[in-house]
Structures are given as C-alpha cells and as structure tokens.
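The values are calculated or read from the model by the stated rules, or taken from the named source; none is laboratory data. Values in this document were obtained by computation on a predicted structure and should not be read as measured data. Methodologically, a virtual Cβ is constructed for each residue, glycine included, from the backbone with ideal geometry; neighbour enumeration extends over all protein chains shown.
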Amino acid sequence: MITSVHILGVLLTVALLLVVSWWSGRKVTDAHGFITGGTSRTWLVGGALLGTMAGGQSTIGTAQLAFCYGLSAWWFTLGAAIGSLLLGYVYAGPLRRSGCSTLGSVLCMVGIFISIVSQVLSSGAMISSFFSIPMLWASVAGAVFIMLFVLFGGIRSAGVSGIVKMLLLYLSSLAAGVIVWHMADGFSGLRDGVEGIYQSTALGDLNGLTDAEAIHQRYGSLVARGFFKDLGGCLSLILGVVSTQTYAQCIWSAASTHHARRGALICAICLPVIGAACTMVGIYMRGHYVTADEFQAIQAAGGVLPHGVGVIENTAQAFPAFILQHLPAWLGGIMLGTLLINIMGCASGLSLGVATILVRDVYGNLTRRAARYSQLLLMRLSIAVVLVIAVVIALLCSNTFINDLGFLSLGLRAVSILLPLCFALWMRGRFGQRRILLAMVIGVVAMLAAKFLSLPGDAFYYGVIIEILVVFTPWRDYSHSVK
C-alpha cells in the first residue's frame, strides 16, 4: 500500500527533476540548439541516451516478462546495450559526417506509436498499483498525464537533467537488485521460490510446469521462449536503436565523435545492470505472488494459496508491487518518482514525434500553405487523438507483454529505416528510390502480418528477409538513386 512517505518521495523526486531540467535547459535558445547543439560531453550524451532508453519497457516491462519467463527477459536491455555500442562505434562517425539531422519516415511512425501503447500500459500498471483502481481508468489517467507532459514541454533527457535521471534510475535499480538478492539468498533462492510456488499450488498444472526441471528450464534459461524468438527480439532492439531518431539526436548533440562514443559506452554499461535488477525482481515476485486470474483458477481447481503468497492484479504490476511492498518507503518513493518521470517524459516525446510526422510530413505536404496557428492546433489535436487510440489499443492488448510491444516497435523502426540509412551512408547511388520505398513498405507489412498471424519465430525475421529480397532481386528501376 502506498504511504505518505512514498508520496513525499515521489513529489520530491519529481520536483528535483523539474528544477534540474529547467536549469539545464536555460541556455537553449533555438530549435537547432536543442536538436543538435553539438556541445554535449561524454556524461551528458550517456545521460541523454540512458534517459530515453530506460523507460517503462526496460523496467516494468522487463520485470513483467521475467515474472513469466525468467532470465530471458534480460534480452531487452542487453539488446538495447549492444545497439547503443553499435550506434556509438559504427554509426556515430558516418552519421555526424553526413550532416543529416533527421531519420524520419512515415512508416517509422507505426513503430513509434506501438511504443506509445507500451508506455500507456506501463503508466497504467503503476497508477493501478498505487491507487488500486481498474486498469481501464489507470490507463486513461496515464494518457491524461502524458498529455499534460506534452503541454508542459516534457522532462527532457538533455543536459544535467539526463545525468540526474541516469544516476537516480541506476542507483535505485541497483539497490532493488541488491535487496532482492539478499531477501532471496542468491539466485538459488530465487529458483527455489519459483519452484515452490509452482509445486505447492495448482499453478504448475495451469501452466504446464509440473516438474522441477521444466521450471528451471523456463526461469533459468536466456532462451526460454525459444532460441529464434529471443534472438529475434534482441536483433530488433539492436537494429531498432540504430534506426531511431531520438537516439541519433543524442549522437549529433555530442561535442565530438569521441564524446559520442564514450557516452554510448556509458549507456551500454548501465542498461544491462538495470535489466538484471528488474529481471531478478520479476523472478522474485513470481516466487511469492500470483495474478488475480491465476488465483481464481486455483480456487476453481479446489486449491488454496500457501501462507505468504500474495495476489497482484496482472503481470505488469510485478515491479510496482515490489517497490510498494518490499522496498523501504523512502527508496520506493524515489524510485516511483524516477519511473514516473521517465515513462511520462518518454511517452510525451513519442507522442509529440508522431504528431509532428502527421502534421508536418503528411498534412504539411498535402496543403503546403498551412498557417502556423493551424499547425499548432493540429499538433494538439493529433496528440489527443494519438493518445486516445493508444489507450484503446492498450486495453485491447492488456494481456500482451509490454516488452513484446517494445520488440515489435523497435523492429518496425529498423525495417522502415535501417536499410535506407545504410544505403545512404555507405552505398550511395546503388539503388533506385522506388525500389527502396517498395522494400520499406513491403517489409513493414510483412512484419505486422507475421506478428498478428503468430507465425513461427520472431516477426522481425519476416520483415527483414522480405525487405532484403525486394532490394536485391534483379528488376529494372528507373527512379533516381538513393543519395
């Protein structure tokens, strides 16, 4: 249950980040300075990258997936860390030399929108845990808060505020991991807790895990969901990070390529630690909690819960419930405030990005004479519509893993951006624009179809393979070559 100490910790943390964000952004006087200021040193770049990558998916989503599949949940932050290294040490130089400041694509908007849905689910899980309200109203409240963040301007991950957010999230996650390790008496204790709850209740029969070996295989394996499934998710993260405008902006903002690479390295070092802590939290919660649906199924089977086993509303509440129930109230308040700011700030930035594509790239190209005031109105309306649709889809996908949406989102960004980006940087003049555009469209459609048809393996494979086939299959393309 949330206490006054939790609330005080949340308010003080949010206030601190608000003040630091305002102070660090005082010298930004124009859009160019904000987007590609070119003055960020190593720690500022690292803070900006980590602040935008370690949101609800890396924390709440990782704990949720670990609650059901154990160690394989770690792939989300591992993939993001490898992607950060790739961005810093392979793409940073060519990107900065190219002079380009955007990686935009209308197709990429689909992937960004899916990320908004996952952030709505994350915020809904937090709010539902805080106030014990249904997920419907919690998701609606989360969307309203996101809208307010957009109007307020968002808590930007640039400058000193990014470093403060990075330190708060890193240290609080590390503390949570240490506390779990101590309470469970190491990884063997985590494993025994999961084995105990499956074998002492009807949970094992309900989930098809009736013997210790099967339980250990699921919760102790990095490929518990299948080698190609988990590897595909990791590849989606790696290539999606390289293909995302927000992360590229952090590279462009660096004072030099050297600082960009060092900042990416800092991010890559911190992300797996945060992921490992959240994974341990999820496994610990599995050993001590069941969901409301599981509880009803156990009762229907004539079973009872052992002493000390609790009930959470759904798997997405694993991390917020752990913070409220098992962390000291002051530390829990700090962590809740940090998570809230990260989720809301990330979601507001994503919403603003989708609205920008809709208004400037779609509406702007259609009208070309839109007045400034009409664009502003359309931006606000677009953000509202995007969030309403995101809430509806979030409720329809409430049983979907938050991180699965994250894998899909980053994978779609990679399919829609990565190949054109590679051709533009390293293979100029080799392929026609019509061929590249067709490959992008067909790749995105193939990936979405594979996901919704539940085809074997990860949907990312289908999108990339078909995209490559379209690009390299011989056929005459009379359009201008990609520059």
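Close Cβ contacts (under 6 Å, 6 or more residues apart or on different chains) running from residues in region 169-180 that are of a type in the set (A, V, I, L, M, F, W, C) to residues that are not in a helix (DSSP H, G or I) comprise LEU169/ALA54. Would you confirm whether or not region 216-223 contains a residue that is at pLDDT below 90 and assigned to a helix (DSSP H, G or I)? Yes; the residues of region 216-223 include at least one that is at pLDDT below 90 and assigned to a helix (DSSP H, G or I). Whether any residue in region 244-258 is surrounded by 24 or more Cβ atoms within 10 Å (Cβ to Cβ), more than 15 Å from PRO94 (Cα to Cα) and either free of Cβ contacts under 8 Å to residues at least 12 places away in the same chain or touching a Lys or Arg at 6+ places or on another chain (Cβ under 7 Å) (or both) is what I want to check. For region 244-258, residues surrounded by 24 or more Cβ atoms within 10 Å (Cβ to Cβ), more than 15 Å from PRO94 (Cα to Cα) and either free of Cβ contacts under 8 Å to residues at least 12 places away in the same chain or touching a Lys or Arg at 6+ places or on another chain (Cβ under 7 Å) (or both): present.
Would you check if SER351 is surrounded by 21 or more Cβ atoms within 10 Å (Cβ to Cβ), at negative phi and modelled with pLDDT under 85? Considered against the rule, which asks whether it is surrounded by 21 or more Cβ atoms within 10 Å (Cβ to Cβ), at negative phi and modelled with pLDDT under 85, SER351 comes out as yes.
Of all residues in region 287-324, those being in contact (Cβ under 8 Å) with a residue 24 or more places away in the chain and either charged (D, E, K, R) or closer than 18 Å to GLY124 by Cα (or both) number 15.
Checking THR279, THR210 one by one, the residue that is farther than 26 Å from TYR91 by Cβ, surrounded by fewer than 17 Cβ atoms within 10 Å (Cβ to Cβ) and of a type in the set (S, T, N, Q) is THR210 and no other.
Can you spot a residue in region 182-193 that is part of a helix (DSSP H, G or I), within 20 Å of HIS307 (Cα to Cα), in contact with a Leu (Cβ under 6 Å, 6 or more places away or on another chain) and in contact (Cβ under 8 Å) with a residue 60 or more places away in the chain? Scanning region 182-193 turns up at least one residue that is part of a helix (DSSP H, G or I), within 20 Å of HIS307 (Cα to Cα), in contact with a Leu (Cβ under 6 Å, 6 or more places away or on another chain) and in contact (Cβ under 8 Å) with a residue 60 or more places away in the chain.
Mind checking whether some residue in region 395-404 is more than 19 Å from the chain's Cα centre (by Cα) and either within 23 Å of TYR247 (Cβ to Cβ) or outside any helix (DSSP H, G or I) (or both)? The answer is no; no qualifying residue exists. If you go through region 413-468 and pick out every residue that is within 30 Å of CYS397 (Cβ to Cβ) and in a helix (DSSP H, G or I), you end up with 35. LEU203 meets all of the listed conditions (1) without any contact (Cβ under 8 Å) to a residue 12 or more places away in the chain; (2) buried (at least 20 other Cβ atoms within 10 Å of the Cβ); (3) not β-branched (Val, Ile, Thr) but one, namely (1). Please find, within region 9-42, the residue that is modelled with the highest pLDDT out of those that are surrounded by fewer than 18 Cβ atoms within 10 Å (Cβ to Cβ), under 24 Å from the mean Cα position of the chain (by Cα) and closer than 20 Å to GLN245 by Cα. Among those residues, the one meeting the criterion is ILE35.
Residue by residue, here is whether (1) in contact with a Ser or Thr (Cβ under 7 Å, 6 or more places away or on another chain); (2) farther than 20 Å from ALA80 by Cβ holds:
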position: GLY177; (1), (2): no, no
position: GLY196; (1), (2): no, yes
position: LEU209; (1), (2): no, yes
position: ARG225; (1), (2): yes, no
position: SER256; (1), (2): no, yes
position: CYS270; (1), (2): no, no
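For every residue, the table says whether it meets (1) of a type in the set (Asp, Glu); (2) over 25 Å from the mean Cα position of the chain (by Cα).
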| site | (1), (2) |
| --- | --- |
| THR257 | no, yes |
| ALA260 | no, no |
| ILE269 | no, no |
| GLU294 | yes, yes |
| LEU331 | no, no |
| LEU336 | no, no |
| ILE341 | no, no |
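Does region 409-430 contain any residue that is over 21 Å from TYR91 (Cβ atoms) and surrounded by 15 or more Cβ atoms within 10 Å (Cβ to Cβ)? The answer is no, given that none of the residues of region 409-430 is over 21 Å from TYR91 (Cβ atoms) and surrounded by 15 or more Cβ atoms within 10 Å (Cβ to Cβ).
Condition (residue is in a helix (DSSP H, G or I) and within 30 Å of ALA414 (Cα to Cα)) applied to region 307-315: is it met by at least one residue?
yes
Taken as a whole, the structure leaves ILE269 outside the set of residues that are under 30 Å from LEU421 (Cα atoms), buried (at least 18 other Cβ atoms within 10 Å of the Cβ) and touching a helix residue (DSSP H, G or I) at 6+ places or on another chain (Cβ under 8 Å).
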